[in-house]
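Remarks on the structure that follows.
Every number here is computed from the coordinates shown, using simple stated rules; none is lab data. A quick note: this is a predicted structure, and the numbers were derived from the prediction, not measured. Because the Cβ atoms are built from the backbone with ideal geometry, glycine has one as well, and the counts that use them run over all protein chains shown.
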Amino acid sequence: MAALEIRIEKTEEAKQLEKDHNISFDLVQKHPWDAGYDIRACIKRPVFLQSYNRLVVPTGLKIQLMSPQFEIQCRPRGGLAAKNGIMIVNSP
């Protein structure tokens, strides 16, 4: 099996928000046993949605996988999805 090599770049908007608000858009694993990584929404202010509305939320990340044997999936967090009905369109 090929080694996993990933290139991650931040958009200019993400870099500016990091600088202005002292935050990070890096991928984060809260615990070493976590299967996935958490990502932060790259937005300037909180977003409020009415029921059944949809919104594209940027991550501020550009990700390139160097092997066609791997993929990246975005999934809703279990608790957030169950408690608030927040889902990702085409989520696996």
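See the values below:
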read-out	value
Where chymotrypsin sites (Phe, Trp or Tyr not before Pro) fall in DSSP loop in the range 27-92, at most 12 other Cβ within 10 Å	TRP33, TYR37, PHE48, TYR52
Separation in nanometres of the label points that stand 7 Å from Cα toward Cβ, at ARG75 and VAL89	2.2
Potential lengthening between ILE43 and LEU4 on full extension [0.36 nm per residue; Cα-Cα distance subtracted]	11.1 nm
Residue range of the chain that is longest and free of GluC sites (Glu not before Pro) which are both DSSP loop and sparsely packed (at most 16 other C-beta within 10 Å)	6-70
Relative intensity, log₁₀ I(q)/I(0), of the range 1-60 from a Debye sum that treats every alpha carbon as a point, q = 0.12, 0.15, 0.16 Å⁻¹	-0.43, -0.63, -0.70
Farthest toward positive dipole pole in the chain [+1 Lys/Arg, -1 Asp/Glu at C-beta], among TRP33, ILE8, TYR52	TYR52
Electrostatic dipole magnitude of the chain [Cβ: Lys, Arg +1; Asp, Glu -1; Cα centre; debye, to 20]	360
Loop-located trypsin sites (Lys or Arg not before Pro) in the chain, at most 16 other Cβ atoms within 10 Å (DSSP)	LYS30, LYS44, ARG54, ARG77
